[in-house]
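The values are calculated or read from the model by the stated rules, or taken from the named source; none is laboratory data. This is a predicted model, so every value here is computed, not measured. Neighbour counts run over all protein chains shown; Cβ positions are idealised from the backbone, glycine included. Surface areas here come from the heavy atoms of the whole protein model, side chains and all, with no ligands, DNA or RNA. Shrake-Rupley method; radii C 1.70, N 1.55, O 1.52, S 1.80 Å.
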Amino acid sequence: MKVPFVDLYAQYTDIKPEIDEAIANVIKETSFIKGKHVSDFEKNFAAAHKIKHCIGVANGTDAIYIILKMLGIGNGDEVITVANSWISTSETISQTGAKPVFIDIEKDYFTINPEKIEEKITPKTKAIIPVHLYGQMARIDEIAAICKKYQLYLIEDCAQSHFSTYKNYLAGTSGIAATYSFYPGKNLGAYGDAGAIITNDDTLAEKMRMYANHGALVKHQHQIEGINSRLDGLQAAILNVKLKYIHQWNEKRLQHALTYNKLLSLINKVQVPSIRPESKHIFHVYSIRAQHRNELLAHLKSCQIETAIHYPTPLPLMPAYQYLGYQPLDIPVAAEYQHQILSLPMFPELTTEQIQYVVNAIKEFYVV
Ligand SMILES: *Cc1c(COP(=O)(O)O)cnc(C)c1O
C-alpha cells in the first residue's frame, strides 16, 4: 500500500462535474481578473464568518502584509508572533520594517503561549499575530484580552484553520482582521495561489482593497501607491464550489484524527496531538511527537508512507533571524518539539485501511 501525505486529485474526482463547470464558465465569460466570481466568493466567505468584509488577495502571505501595512505598522514597531509557524507570519512583519518578536508555544498544543506574551510587550509593540496552527485555535480569548489591555491590534493568521472554533470563538472573528491562505494543500484550497482577508472595519477594508489593487478603487484613480495582489476569477470560482464542502471535509479530517489518536495511544513512544476541550480542531496537520523521529520517518518512507515536519526549525532559530539573537532556551518548548514532531498523512479522503497501515508501520518500527 502507498499512503500519500495529501491527495488533491481524490478530492477533485469527488466534485469533478461542479469544478469543471465552474472553470468552463470563467473561461467562457473571460472573467479572469475581478468580476462576478471573485465578488461572489468574497460575499460567501464573509457571510460564512458573519463578518462584513472579505478582500480576496493573491495569497496568504500578502494578506498578512497588506493588513500590517494598512494599519500603519512599520519602522521602529514590534509585532509579537509565535515561534513555530510558517515563515509568512514573520517575514511580512519584517517587510513592513517592523521587528518580529517570537513567543514560545504551549506544551501539547503547539500554539502561542498566552502566558508568555505580556513579558515581551514594550512601548514599541503594535500588534499580536497568533497562528491557529495545524487547525487548532490558540487561546484567543486570553490573547484578545491582552490586546485590549495594551491597545494592540489582534490579527489572526487562519491559514491552517478555516472554520476552527474555540469556546464561542470562530477562527478569524476576534481581532481587527484575519488572514487566510487557499494554497492547494490547505483545508480550503484553490488550484494555485490564493488568499483572503476578513474584517468588520469599514475604513480598513477600503484601504486594504485599494492597496491590493495598485492603490486604486476606481480604475486610474490611484489614491496611494499599492501592490498587485488579487484573487483571480478561476481560483474564486473553484473556491466557491469548495466552500460548500469545507465543513464536511473538516469533519472527516477530525474523524481520521480521532481514529489515529485511538490506535496510536497504545504506543508509548508516541504522543498523540491534544485537542482542547470546547473546541473544534480541523486537523490541517496531524502531528505526533515521536521518539527517534528521524529514524521513524525513514522507516515510514520505506513503507511508502509520506510524512512531513511542521516545522523542522522554529522561526527564531532560522538563519534568517540569527541577527535577533534567539537561543533555544528562549523558546524551550518549540526547541524541544522540533526534534519530535512528525506530521502523518491527513486529508478527507484518507481511508481507515490507510490509517491502519500507517499505525501498523509505526508499531512495527518500535517493536523491532
Ligand atoms: C500557508 C501559510 C501561510 C501563507 O500562505 P500562502 O498562501 O502560501 O502565502 C501563512 N501562514 C501560515 C501559518 C501558513 O500555513
Worksheet, complete the sentence: Of those in region 172-200 that are aliphatic (A, V, I, L, M) and in contact with a Gly (Cβ under 9 Å, 6 or more places away or on another chain), the residue nearest to Ser279 (Cα to Cα) is Ala178
Worksheet item: If we scan region 281-288, do we find a residue that is aromatic (Phe, Trp, Tyr) and more than 16 Å from Gln356 (Cα to Cα)?
Response: yes
Worksheet entry | The one condition in (1) of a type in the set (Lys, Arg); (2) within 15 Å of the ligand (Cβ to nearest atom); (3) free of Cβ contacts under 8 Å to residues at least 60 places away in the same chain that Lys120 fails to fulfil | (2)
Discussion item. Filter region 19-66 down to the residues that are within 16 Å of the ligand (Cβ to nearest atom), part of a helix (DSSP H, G or I) and aliphatic (A, V, I, L, M) and list them by number.
Written reply: Ala63, Ile64, Ile66
Worksheet entry | Scope region 82-97; condition more than 10 Å from the ligand (Cβ to nearest atom) and either open to solvent by 10 Å² or more (accessible area, probe 1.4 Å) or not in a loop (DSSP other than H, G, I, E, B) (or both); matching residues | Ile93, Ser94, Gln95, Thr96, Gly97
Item to complete: Would you check if Ala205 is under 30 Å from Lys148 (Cα atoms), within 13 Å of the ligand (Cβ to nearest atom), at pLDDT 95 or above and among the aliphatic types (A, V, I, L, M)?
Response: no
Worksheet item: Is at least one residue of region 2-18 surrounded by 15 or more Cβ atoms within 10 Å (Cβ to Cβ) and within 14 Å of the ligand (Cβ to nearest atom)?
Response: yes
Item to complete: Filter region 167-181 down to residues that are outside any loop (DSSP other than H, G, I, E, B) and more than 16 Å from Ile128 (Cβ to Cβ) and give me whichever is farthest from the ligand (Cβ to nearest atom).
Response: Leu170
Worksheet, complete the sentence: Considering region 182-192, residues that are open to solvent by 10 Å² or more (accessible area, probe 1.4 Å) and closer than 19 Å to Val285 by Cα, and then whichever is nearest to the ligand (Cβ to nearest atom), we arrive at Tyr183
Worksheet item: Any residue in region 128-144 that is open to solvent by 10 Å² or more (accessible area, probe 1.4 Å), over 18 Å from Ile282 (Cβ atoms), touching a Pro at 6+ places or on another chain (Cβ under 7 Å) and not basic (Lys, Arg)?
Response: yes
